[in-house]
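Here the structure comes first, spelled out in structure tokens, and everything after it is commentary.
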């Protein structure tokens with residue numbers, strides 16, 4: 001993984017995590033757009049929400065990610081956090097996205113705390 005270029009805080013009522021961001025064109029746009037806030041959506045063990053970033057799919061975009069990965073999904077302008085399998089996963093140990101997305105970072109702590117986030121919860125992303 002590329003060395004982190006920035007740290008962010010992802011916070012909601014009742015919790016927060018720190019995450020390290022990679023050095024990518026998408027991350028540069030994200031950092032420029034911070035802070036931002038949106039209502040969360042969930043899809044299996046994923047929390048996602050729209051952010052004010054418009055980026056193309058990068059060369060290293062992936063469809064299968066690791067626990068705690070942060071991705072940007074271009075079709076929905078979405079910031080996504082993965083803490084377990086999704087409806088697209090082919091087995092209980094796989095975290096499969098709906099379609100390929102840009103890997104932008106990783107949660108520094110325990111990503112399973114996102115299981116407490118429900119659809120409609122306000123989530124804020126800011127520099128840490």
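We did not get these values from a lab; they are worked out from the coordinates using the rules stated. Predicted model only: the values in this text are computed from it and were never measured. Don't worry about glycine lacking a Cβ; one is built from the backbone with ideal geometry, like all the others, and counts go over all protein chains shown.
Return the total of residues in region 84-98 being within 16 Å of the chain's Cα centre (by Cα) and closer than 21 Å to residue 110 by Cα. Spell out how you get there, then give the answer.
Residues of region 84-98 that are within 16 Å of the chain's Cα centre (by Cα), as a first pass: 84-86, 95-98.
With the extra rule that they be closer than 21 Å to residue 110 by Cα, the set shrinks to 84-86, 95-97.
Going through region 84-98 one residue at a time, the tally reaches 6.
Kindly evaluate residue 76 against the criterion of being in contact (Cβ under 8 Å) with a residue 60 or more places away in the chain and either more than 16 Å from residue 24 (Cα to Cα) or touching a strand residue (DSSP E or B) at 6+ places or on another chain (Cβ under 7 Å) (or both). Full working, then the answer.
Values: in contact (Cβ under 8 Å) with a residue 60 or more places away in the chain: no; either more than 16 Å from residue 24 (Cα to Cα) or touching a strand residue (DSSP E or B) at 6+ places or on another chain (Cβ under 7 Å) (or both): yes.
So residue 76 does not fit the description; no.
Taking the stated definitions as given, is residue 12 under 16 Å from residue 122 (Cα atoms) and surrounded by 19 or more Cβ atoms within 10 Å (Cβ to Cβ)? It would help to see each step written out before you state the result.
On the way: under 16 Å from residue 122 (Cα atoms): yes; surrounded by 19 or more Cβ atoms within 10 Å (Cβ to Cβ): yes.
Spelling it out, residue 12 is indeed under 16 Å from residue 122 (Cα atoms) and surrounded by 19 or more Cβ atoms within 10 Å (Cβ to Cβ).
Scanning for something crowded, with 19+ Cβ neighbours inside 10 Å, in contact with a strand residue (DSSP E or B) (Cβ under 8 Å, 6 or more places away or on another chain) and closer than 22 Å to residue 126 by Cα, does region 58-66 turn up at least one residue?
no
Out of all the residues in region 89-114, which are farther than 26 Å from residue 37 by Cβ and touching a residue at least 12 places away in the same chain (Cβ under 8 Å)? Give the steps one after another, and end with the answer.
Of all residues in region 89-114, those farther than 26 Å from residue 37 by Cβ come to 89-94, 96, 100.
Result: 89, 94, 96, 100.
Considering only region 25-40, state which residues are in contact with a strand residue (DSSP E or B) (Cβ under 6 Å, 6 or more places away or on another chain) and either surrounded by 15 or more Cβ atoms within 10 Å (Cβ to Cβ) or not in a strand (DSSP E or B) (or both).
26, 27, 31, 34, 35, 36, 38, 40, listed by residue number.
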